[in-house]
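The values are calculated or read from the model by the stated rules, or taken from the named source; none is laboratory data. Just so you know, these numbers come straight off a predicted model, no measurement behind them. Cβ: placed from backbone, ideal geometry, glycine included. Neighbour counts: every protein chain shown. Remember, those area values only see protein heavy atoms, side chains included, never the ligands or the DNA or RNA. Shrake-Rupley method; radii C 1.70, N 1.55, O 1.52, S 1.80 Å.
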Amino acid sequence: VDRIVERFDEIYHAQIFIVNAHSEFAVLAASTGEAGKNLLARGHRLKVGSVSVIGQVTDHRQPIVARDTTASDVHRRNEFLPETRAELAIPLQISERIIGALDVQSRYSDSFDESMINALGMLADQLTIAIENARLYTESQRFLSDLETNQQKLIQNRWAEYMLHQR
């Protein structure tokens, strides 16, 4: 998210939300600046399907653009981001499964043209792959650890049975 803010002059804030296991909430996972630190510290999350840019993008699985936040039906003002005048959220999804959203905000109305939406869409696709790979790696490590623990218990039990029969 820091790189997004560095590379795109129109964007002053970027964040990534990850949908929880029950697909009920989009939970903030990464966010820029002091506002991001505050939002992360309070465990910021938005309900999937709620009337908010993140709620809508995670529900409808389509990019959502609030070109002018003062006239938007879906943008909800955040006390930590009072300068936001335009917001764009892009779904992070694998096939039909939504895993989260990339959210970027600008201080200027109508900041997100089609080329920027496309560029951020490609970036969102790369983020999706990276997040999913990290999830799969963590899951495989947990599975391997569980397998090793179970194997160790099985060996201990078999050894105890053997020793009991030897006596």
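Okay, here's what the table says:
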quantity	calculated
Matching option when the condition is without any contact (Cβ under 8 Å) to a residue 12 or more places away in the chain, surrounded by fewer than 21 Cβ atoms within 10 Å (Cβ to Cβ), out of contact with any His (no Cβ under 9 Å at 6 or more places or on another chain) and more than 22 Å from Phe25 (Cα to Cα), among Ser115, Ser50, Ser95	Ser115
Output for the stretch 12-36, where each listed residue is under 19 Å from Ala130 (Cβ atoms) and aromatic (Phe, Trp, Tyr)	Phe17
Sole residue being under 20 Å from the mean Cα position of the chain (by Cα), under 24 Å from Arg42 (Cβ atoms) and either open to solvent by 80 Å² or more (accessible area, probe 1.4 Å) or among the charged types (D, E, K, R) (or both), chosen from Asp125, Asp103	Asp103
Selection from the stretch 2-26 of residues that are touching a residue at least 40 places away in the same chain (Cβ under 8 Å) and not in a strand (DSSP E or B)	Ile4, Phe8, Glu10, Ser23
Flag if Ser23 is hydroxyl-bearing (Ser, Thr, Tyr) and either under 23 Å from Glu96 (Cβ atoms) or open to solvent by 40 Å² or more (accessible area, probe 1.4 Å) (or both)	yes
Candidates Ala30, Ala41 - the one that is among the hydrophobic types (A, V, I, L, M, F, W, C), in contact with a strand residue (DSSP E or B) (Cβ under 8 Å, 6 or more places away or on another chain) and under 22 Å from Asp2 (Cβ atoms)	Ala30
Complete set of residues in the stretch 62-85 that are open to solvent by less than 100 Å² (accessible area, probe 1.4 Å), closer than 18 Å to His44 by Cβ and assigned to a loop (DSSP other than H, G, I, E, B)	Thr69, Val74, His75, Asn78, Phe80, Leu81, Pro82, Glu83, Thr84
Flag for Phe17 being closer than 19 Å to Leu123 by Cβ and either modelled with pLDDT of 95 or more or among the basic types (Lys, Arg) (or both)	yes
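Each row is one residue, and each column tells you yes or no for (1) in a helix (DSSP H, G or I); (2) exposed (fewer than 10 other Cβ atoms within 10 Å of the Cβ); (3) not aromatic (Phe, Trp, Tyr).
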position	(1), (2), (3)
Glu87	no, no, yes
Ile129	yes, no, yes
Arg135	yes, no, yes
Gln151	yes, no, yes
Met163	yes, yes, yes
